[in-house]
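The values are calculated or read from the model by the stated rules, or taken from the named source; none is laboratory data. For clarity, every value in this text was computed on a predicted model and none was experimentally measured. Because the Cβ atoms are built from the backbone with ideal geometry, glycine has one as well, and the counts that use them run over all protein chains shown. Heads up: the accessible areas ignore ligands, DNA and RNA and are worked out on the full protein's heavy atoms, side chains in. Shrake-Rupley method; radii C 1.70, N 1.55, O 1.52, S 1.80 Å.
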Amino acid sequence: ASILFCISASVAAAGTFYVDSVSGNDLHAGSAPASAWKTLAKVNATILKPGDRVLLKSGGRWTGHLVPRGSGAAGAPVIIDRYGKGPLPRIDAEGSFEDAVRLYNVQFIEVRNLEVTNRGERPANRRGVHIFLDNFGTGKHIVVSGLYVHDVNGSNGDGDNAKDNGGIIFRTNGDKTPSRFD
């Protein structure tokens, strides 16, 4: 019975965080549209727990990158999606970051209904969405769906600088711990 209580308690503690690029404020609680956060930096600084949801306002535009921290659990994934009606929320790395959206060593996570772009003036490594397991083991339940990824103009480097570039890239490194996607 205590095991079930612990699982129920962790799911019950899950939160929903709203992000509004125009009217938000990172000093707010983020727990309702009227008290939404403003920046991706606030989202990136938050360690997400199983069942947490991060909802970006439809029609909003953020420059920078989204790098969620923390994994969900079976039956309680972390969900990043939109709220409200209108155009997809837009994340634009503006060529300043290698990845507009980076899912690094996370699992049980769903990223849905976003517009993602990463166009820069100079040649560089660039990706729209980068899903990367690095000496992680087996990553489970990683969902990207309903994304509009466009204008990602990465360039492959030479030799040791060569990296995958493009719209949506899945990558693993397992030189210490074999890693794969399930």
Which of the numbered conditions does Gly70 fail, given that it passes all the others? Conditions: (1) more than 22 Å from Gly59 (Cβ to Cβ); (2) buried (at least 18 other Cβ atoms within 10 Å of the Cβ). (2)
Of the residues Gly95, Gly120, which is on the phi > 0 side of the Ramachandran plot and either assigned to a loop (DSSP other than H, G, I, E, B) or modelled with pLDDT under 95 (or both)? Gly95
Name the residue that is nearest to the chain's Cα centre (by Cα), counting only residues in the stretch 121-136 that are open to solvent by 10 Å² or more (accessible area, probe 1.4 Å) and closer than 15 Å to Leu103 by Cβ. Phe132
With the first residue restricted to the stretch 97-110 and required to be aromatic (Phe, Trp, Tyr), and the second required to be assigned to a strand (DSSP E or B) and open to solvent by 10 Å² or more (accessible area, probe 1.4 Å), Cβ contacts under 6 Å at 6 or more apart or on different chains are Tyr104/Phe132; Phe108/Ala73
All positions within the stretch 142-160 that are outside any strand (DSSP E or B) and surrounded by 18 or more Cβ atoms within 10 Å (Cβ to Cβ): Leu147, Gly154
Name the residues in the stretch 77-92 that are within 13 Å of Val149 (Cβ to Cβ) and either modelled with pLDDT under 95 or open to solvent by 30 Å² or more (accessible area, probe 1.4 Å) (or both), would you? Leu88, Arg90
Sort out which residues of the stretch 8-27 are over 15 Å from Gly60 (Cα atoms), at pLDDT 95 or above and open to solvent by 70 Å² or more (accessible area, probe 1.4 Å), and write them in order of number. Leu27
With the first residue restricted to the stretch 14-25 and required to be within 23 Å of Gly75 (Cβ to Cβ), and the second required to be among the acidic types (Asp, Glu), Cβ contacts under 6 Å at 6 or more apart or on different chains are Ala14/Asp52; Gly15/Asp52
Only one residue in Thr63, Thr46 is more than 22 Å from Leu88 (Cα to Cα) and touching a residue at least 24 places away in the same chain (Cβ under 8 Å). Which one? Thr46
Which residues, taken from the stretch 12-38, are touching a strand residue (DSSP E or B) at 6+ places or on another chain (Cβ under 7 Å) and of a type in the set (Val, Ile, Thr)? Thr16, Val19
Residue that is closer than 19 Å to Val19 by Cβ and hydroxyl-bearing (Ser, Thr, Tyr), where the choices are Thr138, Thr177, Thr117: Thr117
